[in-house]
Structure formats: structure tokens, C-alpha cells
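In what follows, a structure is listed as C-alpha cells, so that the remarks can point back to it.
Any read-out appearing in this document is the output of simple, stated calculations on the displayed coordinates, not a laboratory observation. Worth saying up front: this structure is predicted, and the values here are computed from it rather than measured. Neighbour counts are summed over all protein chains in view; Cβ atoms, including those assigned to glycine, are modelled from backbone coordinates with ideal geometry.
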Amino acid sequence: MTVRIRFFARFRELLGTDIVVAVPKNKGLTDLIKDVASRNKEGYDAIFDEKGAFREFVILMQNGRRLETSDAPEIKVDDGDEIAVFPPVAGG
């Protein structure tokens, strides 16, 4: 089973983007992002706090649908999913 993870803005600078990973069935969204982000300590620390929870400003999307980070530990990924991870977005 493969899943595509796309990091944006500062997260992309630290971790890259358009990352395709093979994952086992029933892999949790939080665990998947932790696995990929752990490849770069600065990137991991930008997304997760010292307790391993998503920082409050992180924005997650699964297949174009925004998710609450508090729900992420219970969400499983499926084959072909696209996960997007954004830092805070501002504009005018």
C-alpha cells in the first residue's frame, strides 16, 4: 500500500515534498507523519511538540479534506491517499 505525503512552505524546506511511502495496512495518520518527519529532527520538531502531539498550528488534509489534528491518531490511511501537511497560512 502506498501513500503520498506533501509538506508545504517551511515544512517542505525541511522534509521535502511529494514523498511516496509504502505503509502497512491500518497505519495511523499520526504515526505515518511521525515516521516521515523523523528523518529530519528540525522538521519533526517543527510539526510535533515535546510530547509527540501535533503543534496547534499544523494543518492536515487527507485527500483534499481538512482534518482536526486531535482526530489524527484515530485516522487510518488507505492505499493511494494523499496527505498534506501545512504550517500556519496567512495572507491578505
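Here is how the numbers come out for the structure above:
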{"item": "Contour excess over end-to-end distance, with Cα ends at Asn40 and Ile59 and 0.36 nm allotted per residue", "result": "4.9 nm"}
{"item": "Karplus 3J(HN,Hα) series, Hz, for the stretch 70-84 with 6.51 cos²θ - 1.76 cosθ + 1.60 (x for Gly, Pro)", "result": "5, 8, 4, x, 8, 8, 9, 9, 10, 3, x, 4, 10, 10, 10"}
{"item": "Cα-derived Rg over Rh, computed across the stretch 1-42 with Rh taken as Kirkwood radius", "result": "0.96"}
{"item": "Of every Cα-Cα pair in the chain, the percent that sits beyond 23 Å", "result": "14"}
{"item": "Sparsely packed chymotrypsin sites (Phe, Trp or Tyr not before Pro) within the stretch 40-82, loop by DSSP, other Cβ within 10 Å at most 16", "result": "Phe57"}
{"item": "Cleavage-rule hits, GluC sites (Glu not before Pro), the stretch 22-74, DSSP coil, Cβ neighbours within 10 Å at most 13", "result": "Glu50, Glu56, Glu68"}
{"item": "Inter-label distance for Glu68 and Asp18, nm, one decimal - labels placed 7 Å from Cα along Cα-to-Cβ", "result": "3.4"}
{"item": "Over the chain, relative contact order from alpha-carbon pairs under 8 Å, at least 6 apart, %", "result": "40"}
